Amino acid sequence: MLWQSLTLQLGYNATLVSFGVTLLGIAAGLAGTYLYLRKNSLVSDAISHATLPGLVIAFLVMVAFGGDGRLLVGLLTGATLSAALGLYCVSLLTRKTRLSQDAAIGAVLSTFFSFGVVLLTFIQALPIGHQAGLQNFLLGSTAGMLWNDAMVITGLALAVTLVLIVFRRPMRLVAFDASYAQALGYRVGAIDAVILGVTLTVTVIGMSVVGLILIVALLIIPTVAARFWSEKSDVIFTLSGIFGGASGYIGAALSGFAPNLPAGPIIVLVAFVIFVISFLLAPERGVLAATLRFWSFQTRVHLTQGLLALAQDRPIYEPKTRRLLQRSGYIRADGVATDDGREQAFKTLQNERRWSFWKQHLEGDVLSADTSMVHSLIDIESRLTADQIAEIDNALLNEATS
Amino acid sequence: MSKGLHVVQGKDQRPSSLTIRGLTVSYGADPAVFSVDLDVYPDTMTAIIGPNGAGKSTMLKAAMGIIPRLSGQIQVLSRPLEEQRSAIAYVPQRASIDWDFPATVQDVVMMGLYPKLGLLGRINANHKAQVTSALDRVGMLDFAKRQIGQLSGGQQQRVFLARALVQDAQVYLLDEPFAGVDAATEKAIITVLHDLRSTGKTVVVVHHDLATVIDYFDQVILINKSIIAAGPTQDVFTTENLQLAYGGRLAATQLDVVGL
């Protein structure tokens with residue numbers, strides 16, 4: 001059953017849902033990248049919570065005009081207007097008062113959401129139909145998705161993706177260095193407005209599926225997961241879209257398999273699994289790689305220190321150094337150096353002397369060298385040519401004889 | 001002092017490459033920069049000096065339109081700043097940057113070409129060659145693929161200079177490029193700036209180290225909210241002018257170091 005769900009064999013409606021949710025995930029992942037790079041991730045939380053009053057009011061207005069009240073386009077329009085008002089309040093509070101942005105977001109988010117919940121509770125008691133469906137916007141639902149809903153989501157997700165691709169350069173520039181962007185003549189305010197507009201769109205279309213409480217996760221988690229894998233914003237952008245899409249696709253399949261579970265939390269949990277895998281296993285920035293790198297570096301430091309001490313007949317006090325030297329076969333249990341140890345110690349000391357000569361006499365010639373590194377830990381033969389080393393050795397020999 | 005102001009009075013017959021008229025910048029009721037008139041000319045290298053909080057960086061940022069002006073007009077090569085963005089390049093202070101940003105050295109330098117690339121223009125071999133050549137000029141070619149956070153402060157500064165170089169501008173404005181950099185970097189930057197001057201460009205630098213002013217710069221602008229003096233270094237960089245700008249904050253011993 002799960003396999004059928006994943007391979008889109010559960011019929012027309014389930015396939016429709018998978019398709020819509022996957023596209024939503026891609027759009028959210030892509031939009032989240034620039035929000036994250038601009039250090040503005042929390043704004044999406046303000047946006048999503050500020051949608052609720054507009055949602056309920058739109059429902060009431062549609063019912064008052066004799067409509068169904070469940071028309072998705074109508075509900076999303078109300079949500080957009082109310083979220084835009086929320087954003088305007090955040091920006092007003094930040095610009096006109098001394099409040100920092102996070103405080104402004106906190107204030108606006110909670111006020112709008114409270115108002116929305118009060119309205120939502122109020123209309124439950126009214127003698128009109130279908131208001132219970134509004135609850136679905138809190139935690140999301142894919143069960144009732146209709147052809148038209150899926151088309152709205154698909155269209156908007158494609159539009160968002162297109163806008164993000166077109167504006168990727170100015171957005172990257174503004175996120176990295178806004179004053180430089182300004183100096184180049186870019187309108188930073190307008191670029192920020194594009195980022196916010198895209199976020200607003202993703203949030204509003206996403207809340208019918210993932211729910212307004214959790215949509216922020218779909219904007220943030222794929223991006224921070226992608227951040228572990230690369231140092232290039234292009235790659236992070238693409239990966240984040242893939243992670244978002246995969247979360248949506250797998251999440252939708254899982255909830256098709258277990259229709260009683262709400263779709264939003266499942267999609268977010270799938271995204272979280274991707275995050276954990278990235279956090280642990282990513283090659284450069286992952287925790288595992290970092291730990292291994294640290295251990296290997298620590299071992300190298302201990303061995304180098306120990307071998308230098310051996311070469312200069314100094315005592316080694318640090319137990320860990322002795323243990324590592326012994327494990328590498330450089331000293332015996334009683335602390336006396338083995339033949340192998342003496343050879344390595346000589347090489348280490350030679351490396352040290354060559355580097356210190358290079359530092360004193362030659363370093364300034366090479367402008368682009370890493371001047372700050374501790375050279376004792378690097379084999380000079382891996383950095384300089386044989387001729388350069390021979391030159392250093394000659395100079396050292398002359399120094400010693402004179 | 002009247003000698004020092006001759007540039008402002010326009011005795012230089014060439015058209016100025018950067019013209020500032022009546023510039024005032026203020027965040028509250030107390031202007032950070034007040035009523036500045038300036039002309040800077042081609043093939044010169046100018047130091048903006050003055051005490052802390054004198055509005056040196058503020059003036060530069062306002063001249064680039066990065067912060068709003070309360071009043072004043074800026075012209076670059078005799079035309080309004082807004083029409084001349086491509087003719088002016090800016091090197092900001094390092095401090096304001098998130099160095100963990102996912103970008104490599106060559107990504108950052110490529111940003112200087114974004115206005116030419118437009119939104120969707122493809123990066124071609126020619127663009128890459130410009131980036132390579134700029135990195136080579138500042139001695140950072142070996143680091144092209146490094147993430148920017150893995151560089152030393154001086155290396156980061158050289159990358160910013162390379163980013164301005166690819167803009168191929170006429171006027172270069174640099175905000176404290178020598179702050180907290182190593183000797184090799186200082187040498188590399190000053191060589192590049194002198195090259196720019198000798199090819200007819202205009203270089204303006206916010207500078208804090210009085211000891212190197214005479215060696216590096218042919219023009220000096222002394223500022224403390226308003227212009228104290230501006231003109232050729234030998235006319236402006238005098239004990240009297242420095243004391244006017246710095247007030248009691250400049251001890252006699254410091255003036256010795258400066259070489260006056």
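The values are calculated or read from the model by the stated rules, or taken from the named source; none is laboratory data. Nothing here was measured: the structure is a model prediction, and the numbers come from that model. Note that we place each Cβ from the backbone using ideal geometry, even for glycine, and neighbour counts take in every protein chain shown. These area figures cover heavy atoms from the full protein model, side chains too; ligands, DNA and RNA do not enter into them. Shrake-Rupley method; radii C 1.70, N 1.55, O 1.52, S 1.80 Å.
Below 8 Å, C-alpha to C-alpha, sequence gap of six or more: please give me the relative contact order for the stretch A:243-402 in percent. Relative contact order of the stretch A:243-402: 13 percent.
Placing +1 at every Lys and Arg Cβ and -1 at every Asp and Glu Cβ, with all other atoms neutral, what dipole size does the stretch B:120-260 have around its Cα centre, in debye to the nearest 20?
Values: 12 positive and 14 negative charges, 151 e Å.
The dipole magnitude comes to about 720 debye.
Using a cutoff of 8 angstrom between alpha carbon atoms and counting only pairs six or more residues apart, the relative contact order for the stretch A:119-270 works out to 28 percent. Computed on protein heavy atoms with a 1.4 Å probe, the accessible areas place A:Trp295, A:Trp229 in the order A:Trp295, A:Trp229, largest first. The distance between label points at B:Asp142 and B:Ser96 comes to 3.2 nm (points 7 Å beyond Cα on the Cα→Cβ vector). Measuring only protein heavy atoms, the 1.4 Å probe finds A:His361 accessible over about 100 Å².
Give the interface area between chains A and B as buried accessible surface, both sides summed, probe 1.4 Å, in Å² to the nearest 100.
Details: alone 21200 and 12160 Å², together 30260 Å².
Accessible area lost upon association: around 3100 Å².
Comparing the full protein assembly with the isolated chain, the residues of the stretch B:138-163 losing at least 20 square angstrom of accessible surface (1.4 Å probe) are B:Gly139, B:Asp142, B:Phe143, B:Arg146, B:Gln147, B:Gln155, B:Arg158, B:Arg163.
How large is the dipole of chain B about the Cα centre if only Lys and Arg carry +1 and Asp and Glu carry -1, each at its Cβ, rounded to the nearest 20 debye?
Numbers: 23 positive and 24 negative charges, 130 e Å.
The calculated dipole for chain B is roughly 620 debye.
When the listed pairs A:Lys39/A:Lys96; B:Lys145/B:Lys187; B:Lys56/B:Lys116; A:Lys320/B:Lys145; B:Lys145/B:Lys225 are checked against a 32 Å cut-off, the alpha-carbon distance exceeds it for A:Lys320/B:Lys145; B:Lys145/B:Lys225.
Rounded to the nearest 20 Debye, what is the dipole magnitude of the protein assembly as shown about its Cα centre when Lys and Arg each give +1 and Asp and Glu each give -1 at the C-beta?
Details: 50 positive and 49 negative charges, 270 e Å.
With Lys and Arg at +1 and Asp and Glu at -1, about 1300 debye.
Let me have the relative contact order for the stretch A:2-283, percent, based on Cα pairs under 8 Å that are six or more residues apart. Present the calculation step by step, with values, prior to reporting the outcome.
Working: 464 pairs, mean separation 95.4, N = 282.
This gives 34 percent for the stretch A:2-283.
Note on chain A: dipole from Cβ charges, positive end direction compared against A:Ile26, A:Ile389, A:Ser255; the farthest Cα belongs to A:Ser255. Positive-end ranking of A:Ser91, A:Leu139, B:Gln219 along the dipole of the protein assembly as shown, with charges on Cβ about the Cα centre, is headed by A:Leu139.
Rounded, prolate or oblate: which fits chain A when a ≥ b ≥ c are the square roots of the eigenvalues of the alpha-carbon gyration tensor, with rounded for a/c under 1.5 and prolate only if a/b beats b/c? Here chain A falls in the prolate category. A 1.4 Å probe run over chain B, with the rest of the protein chains in place, finds 41 Å² accessible per residue.
Can you give the FRET efficiency for A:Asp340 and B:Thr132, using 1/(1 + (r/R0)^6), R0 = 60 Å, r = Cβ-Cβ distance, to the nearest 0.05?
Working: r = 46 Å, r/R0 = 0.77.
According to the calculation, E is roughly 0.85.
Please find the FRET efficiency linking B:Asp182 to A:Asn260, where r is the Cβ-Cβ separation and R0 is fixed at 60 Å, and quote it to the nearest 0.05.
Working: r = 64 Å, r/R0 = 1.07.
Working from the Cβ atoms, E equals 0.40.
Using a probe of 1.4 Å, the accessible surface attributed to A:Ile389 totals some 10 Å² when neighbouring protein chains are kept in position.
For A:Ile389 and B:Leu244, the FRET efficiency from 1/(1 + (r/R0)^6), where r spans their Cβ atoms and R0 equals 56 Å, is about 0.45. Legend: residues in the stretch A:211-233 shielded by at least 10 square angstrom of accessible surface upon adding the remaining protein chains to the isolated chain (1.4 Å probe, heavy atoms) are A:Arg227, A:Glu231, A:Lys232, A:Ser233.
Model label points for A:Tyr88 and A:Glu381, set 7 angstrom from Cα along the Cα-to-Cβ axis, are 7.3 nm apart. A simple spin-label model places the labels of A:Phe65 and B:Asn124 5.2 nm from each other, with each point 7 Å out along Cα-to-Cβ.
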